[in-house]
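A.B. asks: Have a look at the structure that comes next, please.
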Amino acid sequence: MRRKLAAGNWKMNGLKANLSEIEALATAHPAPGSDILLCPPATLIAPMAQAASGTALAIGGQDCHAAASGAHTGDIAAAMLADAGASHVILGHSERRADHDEHNEDVRAKANAALAAGLTCVICVGESEAQRDASNTLDIIGGQLSGSIPDGVTGHSLVVAYEPIWAIGTGRTPTLEQIGEVHDFIRMRLERRFGTGVGRSTRLLYGGSVKPGNAAEIFAVSNVDGALVGGASLKAADFSAIITALEAAPPQG
């Protein structure tokens, strides 16, 4: 059975004062039945990793550069994330693809750098509203999977997050049938490319307006192993409710 994963993406939110949420979350889940990952802005990775020391919480970055070092002002290398205490990194988020014009090949290069630094890659895929309306969702997802995920990944080093762009931060969510269709498709494509070992062990997360009120029904969908949560991960009480719903969901695997 795949171990479930609740991942929180703080995006460009959070100051040192918000680290109290870590203590509250760790207190609420001292021995969780799922993995818990928080990805704060880069300025908080080291202090958050220190605050989470001795707890079940893992810490990740929100992006990394493809190069190991060099003249890349404002960027952060994968090894720097690891050195700060991160074990994971989010790559290919739709906001990075849109705001920074990142393409599949860019995500793949970053993923290779992250793997070389010993980080687990949380690679995001998802379609726009126009692509969904044109019935191109699976074609778009298939291209992102092929282009963004490097060779040589394992079920430990790869997590795939499906985030329909039109559902991120909008309060809208796909139907359960739509989520299931995409997650089943991702599972099939991973098995076809990497074999059943990697394909069956890679965890698939759903992201896009996940809230305490809709989490339970989403986690009951086929091949949904957890969630990549945005705004609802900023407050321990909200994120804790999602984690509790995840742990109550039927096992996948």
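A.B. asks: Could you tell me what percent of the DSSP beta bridges with both partners in the chain are antiparallel, to the nearest 5?
C.D. replies: About 0 percent, rounded to the nearest 5.
A.B. asks: Give me the percent relative contact order of segment 171-253, please, defined on Cα pairs under 8 angstrom at least 6 residues apart.
C.D. replies: Relative contact order here is 30 percent.
A.B. asks: Each residue of segment 203-209 in turn: what ³J(HN,Hα) in whole Hz from Karplus with 6.51, -1.76, 1.60 and θ = phi - 60°, glycine and Pro shown as x?
C.D. replies: Result, rounded to whole Hz: 7, 10, 9, 9, x, x, 6.
A.B. asks: Can I ask one more? Got a sec? Charge dipole of segment 1-97, +1 on Cβ for Lys and Arg, -1 for Asp and Glu; which of H72, L19, N9 is way out at the positive end?
C.D. replies: Towards the positive end, the residue furthest out is N9.
A.B. asks: Which value at 222 nm does the chain reach when only helices count, each DSSP H run of 4 or more adding -39,500 (n - 2.57), with the total divided by all residues and rounded to the nearest 500 deg cm²/dmol?
C.D. replies: Estimated from H runs of four or more residues: -12000 deg cm²/dmol.
A.B. asks: Could you give each residue of segment 103-118 its phi-based ³J(HN,Hα) in whole Hz, using Karplus coefficients 6.51, -1.76, 1.60 with θ = phi - 60°, and x for Gly or Pro?
C.D. replies: 10, 3, 5, 5, 5, 4, 5, 5, 5, 4, 5, 5, 4, 5, 8, x
A.B. asks: Still on this structure, please answer the following. Residues with amide H under 5 Å of Q252's amide H, sequence separation 5 or more or different chain, H placed in the peptide plane at 1.01 Å from N; which?
C.D. replies: Counting only residues 5 or more places away or on other chains, the set is R2.
A.B. asks: Something else now. Over the Cα atoms of the chain, compute the convex hull volume and normalise it per residue, giving Å³.
C.D. replies: Cα convex hull per residue, to the nearest whole number: 114 Å³.
A.B. asks: Sequence gap of 8 or more, or different chains, plus Cα separation below 22 Å: how many lysine pairs satisfy both in the chain?
C.D. replies: Step by step, the pairs that qualify in the chain add up to 7.
A.B. asks: Then there's this: Given +1 on the Cβ of Lys and Arg, -1 on the Cβ of Asp and Glu, and no further charges, what dipole in debye does segment 71-153 carry about its Cα centre, rounded to the nearest 20?
C.D. replies: 260 debye
A.B. asks: While we're here: With the Cα gyration tensor of segment 1-145 in hand, convert its eigenvalues to equivalent ellipsoid semi-axes via √(5λ) and list them largest first in whole Å.
C.D. replies: For segment 1-145, the semi-axes come out at 27, 20, 14 Å.
Every number in this text was worked out from the coordinates using simple rules, so none of it is lab data. As the structure is a computational prediction, the values presented were derived from the model and not from experiment. Glycine gets a Cβ as well: all are built from the backbone with ideal geometry, and neighbour counts include every protein chain shown.
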